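As structure tokens, the structure follows; a few thoughts come after it.
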Amino acid sequence: MTYPLIFRMGSSFYGHRGDPLGTIYSLWRMKYTWQHNLPHYFNALLASPFGVDSSGGIHLPFLEFSAKWLTILTNELFAYNLIILLSFPLAGITMYYLVHRFTKNKVASFVSGIIFAFSPYHFAHAWAHLGLANIQWMPLYVLLLFRLDENRTYGNAALCAVAFTLNAFFDPHYGYFTAVFTGAFRSEEHTSELQSH
């Protein structure tokens, strides 16, 4: 499915011309500013002679952190490709465990993982949006939220918070989705309790 990209991770990229090229430029710039001890959030090359200050914009800390160090250790194309391609098996694995938690059926869990990982939504964003391609943290959060609801310990709360943060810090849209899901999850539980009384 990734041939020939898998053999050219550092010289080609997964996607089409457009947003991916802007993202790859940003990755290259992170490495360049780090190597030359320059401020990352001010770009003198854009809107010359004034430059562009993006320090007040939306930042994705986990995605930027992992992408920056992958880029420094390899190059911007390899980092971009690795983050995109890893989202496919990770999405399948996290959905497998979520479905298995409810069904205890390995075949159903496997099929669900495949469907989720290779959904048209995932492919569409993998071709264009680095942050939105990372759908793997949503099933993980839902799984950990149910686990926390069953067994309220500090450890489960911490794991749930980490999964929520991964969603929000890889893409703000997923942080919003998980927040809405959490609110619906709690309100559904209270509704069930009221109906039982």
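Things to note:
- Distance between the modelled labels on ALA161 and THR103, one decimal in nanometres: 3.4 nm (7 Å Cα→Cβ projection).
- Coarse-grained scattering of the stretch 9-70 at q = 0.15, 0.22, 0.25 Å⁻¹, given as base-10 log I(q)/I(0) from a Debye sum over alpha-carbon atoms: -0.53, -1.09, -1.29
- The simple spin-label model puts a point 7 Å past each Cα toward its Cβ; for ALA128 and TYR3 those points are separated by 2.9 nm.
- With bins 5 Å wide beginning at 0, the percent of Cα pairs of the stretch 115-155 falling in each bin runs 5, 22, 20, 17, 11, 10, 10, 5.
- Multiplying the residue separation of THR74 and ILE93 by 0.36 nm and subtracting their alpha-carbon distance yields 4.2 nm.
- Percent carbon-and-sulfur accessible area, the chain, ignoring ligands, DNA and RNA, probe 1.4 Å: 69
- With each label modelled as a point 7 angstrom along the Cα→C-beta vector, the THR182-ARG17 pair spans 4.3 nm.
- 19 Å cut-off, amide nitrogen to a point 7 angstrom out along THR33 Cα→Cβ, residues in the stretch 1-20: 20
- Length gained on full extension, SER66 to HIS173, computed as 0.36 nm times the residue gap minus the Cα-Cα distance: 36.6 nm.
- Using a cutoff of 8 angstrom between alpha carbon atoms and counting only pairs six or more residues apart, the relative contact order for the stretch 125-172 works out to 45 percent.
- Relative contact order, whole percent, for the stretch 1-153 stands at 25, derived from Cα pairs under 8 Å and 6 or more residues apart.
- Computed [θ] at 222 nm, deg cm²/dmol, the chain (DSSP H ≥ 4; -39,500 (n - 2.57); rounded to nearest 500): -22500 deg cm²/dmol
- In Å², nearest 10: area of ILE93 left accessible to a 1.4 Å probe: 90
- Two-decimal Rg/Rh across the stretch 140-183, once Rg and the Kirkwood Rh are taken from alpha-carbon atoms: 0.97
- Accessible area in square angstrom per residue, the chain, 1.4 angstrom probe: 59
- Straight-distance crosslink candidates among lysines, where the alpha carbon sits under 20 Å from LYS31 and sequence neighbours closer than 8 are dropped: LYS68
- Over the chain: Kirkwood hydrodynamic radius from C-alpha pairwise inverse distances, Å: 18.7
- Rel. contact order, % - alpha carbon contacts under 8 angstrom, at least six apart, the stretch 94-140: 42
- VAL107 exposes around 100 Å² of accessible area when a 1.4 Å probe is run over every protein chain in place.
- Full-stretch length increase - ALA44, TYR154 - with 0.36 nm per residue and alpha-carbon distance subtracted: 35.0 nm
The values are calculated or read from the model by the stated rules, or taken from the named source; none is laboratory data. As the structure is a prediction and not an experimental result, all values here were calculated from the model. Note that each Cβ is placed from the backbone with ideal geometry, even for glycine, and that neighbours are counted across all protein chains shown. Remember, those area values only see protein heavy atoms, side chains included, never the ligands or the DNA or RNA. Shrake-Rupley method; radii C 1.70, N 1.55, O 1.52, S 1.80 Å.
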